[in-house]
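One structure is given here, and the rest of the page talks about it.
The values are calculated or read from the model by the stated rules, or taken from the named source; none is laboratory data. Small disclaimer: the values here were computed from a predicted structure and weren't measured. Ideal geometry is used to build each Cβ from the backbone, glycine not excepted, and the neighbour counts take in all protein chains shown. When the accessible area is computed, the model is the full protein with side chains, heavy atoms only, and any ligands, DNA or RNA have been set aside. Shrake-Rupley method; radii C 1.70, N 1.55, O 1.52, S 1.80 Å.
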Amino acid sequence: MSHQADHLFFTWTAQKQAKPFAVKEAKGVHLKLEDGSELIDFTSYIFNASIGHGHPAIGAALERVAKKPLVTHPSLINEDRERLASRLSAIAPKGLASGHRPLTKAFLSLGGADANESAIKMARLYTGRHKVVTRYRSYHGATLGTMALSGDYRRIPLDMHGASGVIRVPDPYPRGSGQTIDTVRLMEEAIEIEGPETVACVLLEGITGANGILIPSDDYWPRVRALCDRYGILLISDEVMSGFGRTGKWWAVDHWNVTPDILTMGKGMTGGYAPLGCVMVNDAIARHFDDNVLWCGLTSYAHPLCCAIANAVLDVFESEELIENTARQGMLLKEELLTFKKKYPMVADVRSLGLLAAIELQKSPTDNSMFVPYRAKGEAFAPAAKLQEAFNRAGVLAAVRYSNVLLAPPLTINEHELKLGLERVDQVLADLHR
Ligand SMILES: Cc1ncc(COP(=O)(O)O)c(C=O)c1O
């Protein structure tokens, strides 16, 4: 255990079980650790390193911004703030095809969780309604409010106070049941029973991220959009993980040509070089707050330093054509994952869109129950812990979450690097089968 443990907490862990790592050098997708080992970053650290490590554009942005006034005030007129907000509006889902309103105005937050909190506040203020529909296999952040909205295991230890008005519905994910359930119909039923006039919004991840990269069928988002329209309920897409180019389009919902009323983002928008998040709202919601108080605020609102970094990241997206690269490398990733599924009977499923992927494992080649049960602890969790160590030893940073191995390399990755990382993943899967 490092000395850091004496005075600083590690997150999401009993402190004695923390697994800190020290990085000596980080360049592109390559990491050299202090202990001499080398890793290919196949998770973009924590799904945030969108433009890779040590990118020179960030150094240049920091140099430029260091010469300007940097102490922040929420009401400061600042060039980087203005430029970032207008660029985000330009890349937001357009909705012209579906007749929906474009997303025109940004509220810049400190990260993903408080972006979601602000989105819910805005939806409640705008609609005058209270309830929020979310899914069970979801994660929307670690603040008390967003944990109560999230459905996954992290909510449970703190659930005693919860948040009122959260309605959780099942995910479009057939595993285990052996049958496809019409989850949009179930969502509608829940809304009808709760009283649609009490429901402010439906909050869904663009694609379920940490809970296994669950990609809905093509009619899912359009049907949820139509359901929300029928009842005047706002649709919020949480694109903190699935957005900002990660899936080969700017936003996951772009794959289905759906425009939400509110979209939240974080993680990749600064490439992990600074903390920032954003809520984009449509012009009807924006206009509402022309005359009604927006009861949201933060000391470090739209921090000039973070906005400058986000602008530099957007410059890299343009100059290195990262959306196109993500779509192209994503095809290769998908092909390779499908070969794993054919080769290894323990691979129950593979799912990917762009450079966001999961390999789902089963218990054994002949037992299709889960590799590690959901929320397993101790001995039951041991296979996942061992597999995580095997990935580290093989030189690839992958995220083992119970039965899923999550893969999400930086969007700057090239074909050679992708193949190299996948060879290492292949090696680990081959060993697992032996
Ligand atoms: C889908 C989703 N929403 C929200 C968050 C919370 O973002 P942050 O950790 O920046 O508060 C995360 C973080 O993992 C996420 O994956």
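Kindly list the number of the only condition in (1) open to solvent by 20 Å² or more (accessible area, probe 1.4 Å); (2) farther than 30 Å from Pro304 by Cβ; (3) within 16 Å of the ligand (Cβ to nearest atom) that fails for Thr143.
(2)
Being among the small types (Gly, Ala, Ser) and away from the ligand (no atom under 16 Å from the Cβ) is the filter; apply it to the stretch 193-208 and report the residue that is surrounded by the most Cβ atoms within 10 Å (Cβ to Cβ).
My answer is Ala200.
On the basis of being more than 16 Å from the ligand (Cβ to nearest atom) and crowded, with 17+ Cβ neighbours inside 10 Å, does Leu88 make the cut?
Answer is yes for this residue.
Just to check your reading of the model, which residue among Asp80, Asp41 is at pLDDT 95 or above, within 26 Å of Leu214 (Cβ to Cβ) and of a type outside the set (Gly, Ala, Ser)?
One residue alone meets the criteria, Asp41.
Provide a single number: the residues in the stretch 52-69 that are touching a residue at least 24 places away in the same chain (Cβ under 8 Å) and under 20 Å from Gly272 (Cβ atoms).
11
Show the residue pairs that are 6+ apart or on different chains and have beta-carbon atoms under 7 Å apart, the first residue being within the stretch 306-322 and buried (at least 24 other Cβ atoms within 10 Å of the Cβ), the second being acidic (Asp, Glu) and assigned to a helix (DSSP H, G or I).
Cys307/Asp80; Ala308/Asp80
Working only within the stretch 347-369, note down all residues that are buried (at least 21 other Cβ atoms within 10 Å of the Cβ), closer than 17 Å to Pro383 by Cβ and not aliphatic (A, V, I, L, M).
Within the stretch 347-369, just Glu360 meets the criteria.
Does the stretch 316-366 hold any residues that are among the β-branched types (Val, Ile, Thr) and in a loop (DSSP other than H, G, I, E, B), and which are they?
Listed by number, the list holds a single entry, Thr366.
To keep it simple, each residue is scored yes or no on (1) in contact with a Cys (Cβ under 9 Å, 6 or more places away or on another chain); (2) modelled with pLDDT under 95; (3) within 24 Å of Leu110 (Cβ to Cβ).
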| residue | (1), (2), (3) |
| --- | --- |
| His7 | no, yes, yes |
| Gln15 | no, yes, no |
| His55 | no, no, yes |
| His73 | no, no, yes |
| Ser89 | no, no, yes |
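When you scan the stretch 121-140, how many residues do you find that are charged (D, E, K, R), assigned to a loop (DSSP other than H, G, I, E, B) and within 15 Å of the ligand (Cβ to nearest atom)?
Within the stretch 121-140, residues that are charged (D, E, K, R), assigned to a loop (DSSP other than H, G, I, E, B) and within 15 Å of the ligand (Cβ to nearest atom) number 1.
Taking Lys24, is it touching an Asp or Glu at 6+ places or on another chain (Cβ under 6 Å) and either under 30 Å from Asn282 (Cβ atoms) or not β-branched (Val, Ile, Thr) (or both)?
Spelling it out, Lys24 is indeed touching an Asp or Glu at 6+ places or on another chain (Cβ under 6 Å) and either under 30 Å from Asn282 (Cβ atoms) or not β-branched (Val, Ile, Thr) (or both).
Ala376 is checked against (1) in a helix (DSSP H, G or I); (2) open to solvent by less than 50 Å² (accessible area, probe 1.4 Å) and fails just one. What number does that condition carry?
(1)
In the stretch 248-269, how many are within 11 Å of the ligand (Cβ to nearest atom) and not β-branched (Val, Ile, Thr)?
6
Tell me yes or no: at least one residue of the stretch 64-71 is under 23 Å from Val405 (Cβ atoms), in contact with a helix residue (DSSP H, G or I) (Cβ under 9 Å, 6 or more places away or on another chain) and open to solvent by less than 100 Å² (accessible area, probe 1.4 Å).
Within the stretch 64-71, not a single residue is under 23 Å from Val405 (Cβ atoms), in contact with a helix residue (DSSP H, G or I) (Cβ under 9 Å, 6 or more places away or on another chain) and open to solvent by less than 100 Å² (accessible area, probe 1.4 Å).
Is it the case that some residue within the stretch 183-192 is within 16 Å of the ligand (Cβ to nearest atom) and either in contact (Cβ under 8 Å) with a residue 12 or more places away in the chain or part of a helix (DSSP H, G or I) (or both)?
No, because not a single residue in the stretch 183-192 is within 16 Å of the ligand (Cβ to nearest atom) and either in contact (Cβ under 8 Å) with a residue 12 or more places away in the chain or part of a helix (DSSP H, G or I) (or both).
How about the stretch 223-255: which of its residues are among the basic types (Lys, Arg) and within 23 Å of Thr43 (Cβ to Cβ)?
Residues satisfying the conditions are Arg246, Lys249.
How about the stretch 275-301: which of its residues are in contact with a strand residue (DSSP E or B) (Cβ under 8 Å, 6 or more places away or on another chain) and within 16 Å of the ligand (Cβ to nearest atom)?
Leu276, Gly277, Cys278, Val279, Met280, Cys296, Leu298, Tyr301
Would you please name the residue that is nearest to the ligand (Cβ to nearest atom), looking only at residues in the stretch 146-165 that are touching a helix residue (DSSP H, G or I) at 6+ places or on another chain (Cβ under 6 Å) and open to solvent by less than 40 Å² (accessible area, probe 1.4 Å)?
Thr146
So which residues in the stretch 394-418 are open to solvent by 30 Å² or more (accessible area, probe 1.4 Å) and free of Cβ contacts under 8 Å to residues at least 24 places away in the same chain, if there are any at all?
If the condition is that a residue be open to solvent by 30 Å² or more (accessible area, probe 1.4 Å) and free of Cβ contacts under 8 Å to residues at least 24 places away in the same chain, then His416 is the only one that fits.
Count, please, the residues in the stretch 103-118 that happen to be open to solvent by 10 Å² or more (accessible area, probe 1.4 Å) and aliphatic (A, V, I, L, M).
3
Specify which of the listed residues (Gly272, Gly245, Gly212) is within 14 Å of the ligand (Cβ to nearest atom) and open to solvent by less than 10 Å² (accessible area, probe 1.4 Å).
Result of the check over Gly272, Gly245, Gly212: Gly212.
Residues in the stretch 111-120 that are more than 8 Å from the ligand (Cβ to nearest atom) and either among the aliphatic types (A, V, I, L, M) or under 12 Å from Ile285 (Cα atoms) (or both): how many?
2
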